[in-house]
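All remarks here apply to the structure that follows.
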Amino acid sequence: MIGRNEYVRRRKQLMRMAGRDAIVIVPSAAERLRNNDAHYAFRQDSDFHYLTGFGEPEAVLALVPGRAQGEVILFCRERDPAREQWDGHRAGQEGAVTDYAMDDAFPIEDIDDILPGLIEGRSRVYYHFGRDTDFDLMLMGWVNRVRSNIRQGAKPPHEFVALSHLLHDLRLYKSRGELRLMRKSAQIAAEAHRRAMRATRPGMNEHEVEAELLHTFRKHGAVPSYEPLVGGGANGCVLHYRANNSVLRDGDLLLIDAGAEYACYASDITRTFPVNGRYSPEQRAVYDIVLAAQLAAIEKVRAGQSFEAYHAAAVRTLTAGLIKLGLLKGSLKANLESHSYRRFYMHKTGHWLGLDVHDVGDYRIDGEFRELEPGMVVTVEPGIYISPEMKGVPARFRGIGIRIEDDVVVTRGDPEVISAGVPKDADEIEALMASR
């Protein structure tokens, strides 16, 4: 887990970036009703978690650089034995200070009385406008209360700045503690994928395979980092397939895109394997192209390379392979220039990974793709999708959807594939499935 000192360092770094005349305001996630009086499982807001490690709803963090009485203030729920009997332990104000290293803490019910005074005298407010309409209105109400006292000498803020401008660049670079958690998350997900490969047989339903994934996640204290995609046959050609309710047929492929979230940190892994344990010649031909593209892309996940470089490497390898199979006509150069490959490969090769599956951080700086740097974590996930309805394609290739995805850390040397615990070489996958 992340230690208290790391959260303290993060808050101090953010306050240095914001400046002594600013205030930073970060609310927690809200509890959401699923139906009637039953709630969805609570998951803390990623930015709030990054700065506090505090796992409760109904809380607001205020960072007030240079404030003599304390710079780090948390508004949170009070201890309440009656409610804790029903809902579980609360840290309360004392716990916020002793367990989470806050300088001070106040009951959330007192925020209307206290926060306007913290805003007064600050020239800039850093906040995520537009995420939560209700909180936006509350914040503007507090600011307007300060403005109403200008004649009495109050100094309201004159600038509102998107918090993401500062905070999300910090989150892009993972610390040693964060990388430990991400490796653990990837190890759990890899075990889940191996279990699913061993369990899969013709005649099963996709949701039965999904259950194998969920079993492994929960066994290790993790949850899905996103809704698992378990798509057999043509369902694997649907990029965001969600139903997971079709029968798996002998001779089809099964594409599983599933990651674990451990201590709020995500993994994101995709594997595609034969339901009956053996790739057909056509499936193997397409699979080997995707694997070659992924390996070429991973080789480009290095410090100093452009974020776009590994996508370009994957595209070049995929396009050459599609030409060799006869699915594209003409020269490699002509197909790359015309983007003809997009008929079979219509998405990018990866994204940032961290507290969010599609993690925060700019991909471009001043219009140019940013360079990869040590501590960044990306996914590498090329694919080829040949839908059953695709015209001009030999029938033997139709219905083949293949994606291979791994989680890769940018280091000062070779890329570190933290999801390597699940096989992706076709021979290795067949060997694993044969051992069922």
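For the residue pairs Lys174/Lys219; Lys324/Lys391; Lys300/Lys424; Lys300/Lys324; Lys219/Lys300, the alpha carbons lie more than 29 Å apart in Lys219/Lys300. Here each label is just a point 7 Å from Cα along the line to Cβ, and for Ala41 and Asp250 those points are 3.7 nm apart. Beta bridges assigned by DSSP with both partners in the range 57-200 are antiparallel in approximately 35 percent of cases. In the chain, taking the dipole from charged Cβ atoms about the Cα centre, the farthest positive-side position among Asn335, Ala96, Val315 is held by Asn335.
For the range 331-386, the set of chymotrypsin sites (Phe, Trp or Tyr not before Pro) satisfying both a DSSP loop assignment and a count of at most 15 other C-beta atoms within 10 Å is given as Tyr363. Tell me, how many Å apart are the Cα centres for the range 318-377 and for the range 387-430? That distance is 14 Å.
As a rough guide to protection, the peptides 269-276, 216-223 ranked by mean Cβ packing within 10 Å, highest first, stand as 269-276, 216-223. Hey, if you put +1 on the Cβ of every Lys and Arg and -1 on every Asp and Glu Cβ in the chain, which of Ile23, Ala285, His193 ends up farthest toward the positive end of that dipole? The one lying farthest along the dipole's positive direction is Ala285. For the pair Leu336 and Val238, the difference between a 0.36 nm per residue extended length and the Cα-Cα distance amounts to 32.9 nm. Remark: the chain carries 45 Å² of accessible area per residue (probe radius 1.4 Å; ligands, DNA and RNA excluded).
If only the Cβ of Lys and Arg carry +1 and only the Cβ of Asp and Glu carry -1, the dipole of the range 292-436 around its Cα centre is close to 980 debye. Counting only protein chain heavy atoms and rolling a 1.4 Å probe, the accessible areas of Lys391, Lys155 rank, largest first, as Lys391, Lys155. Placing dummy labels 7 Å off each Cα toward the beta-carbon, the span from Asp87 to Asp366 is 4.9 nm. Placing dummy labels 7 Å off each Cα toward the beta-carbon, the span from Glu58 to Arg198 is 4.5 nm. Dipole check for the chain: with +1 at the C-beta of Lys and Arg, -1 at the C-beta of Asp and Glu, and the Cα centre as origin, the magnitude is about 1220 Debye.
To put it simply, the accessible area of the chain at a 1.4 Å probe is 48 percent carbon and sulfur. Each part gets one Cα centre, and for the range 51-125 versus the range 130-203 those centres are 17 Å apart. Listed values for the range 293-305 are Karplus-derived 3J(HN,Hα) couplings in whole Hz (6.51 cos²θ - 1.76 cosθ + 1.60, θ = phi - 60°), namely 5, 5, 5, 5, 5, 4, 4, 8, 7, 9, 4, x, 7, and x replaces Gly and Pro.
The values are calculated or read from the model by the stated rules, or taken from the named source; none is laboratory data. Everything numeric here is computed off the predicted structure, so don't read it as measured data. Positions of Cβ are generated from backbone atoms using ideal geometry, with glycine treated the same way; all protein chains shown enter the neighbour counts. For accessibility, only protein heavy atoms count, side chains too; no ligands or nucleic acids. Shrake-Rupley method; radii C 1.70, N 1.55, O 1.52, S 1.80 Å.
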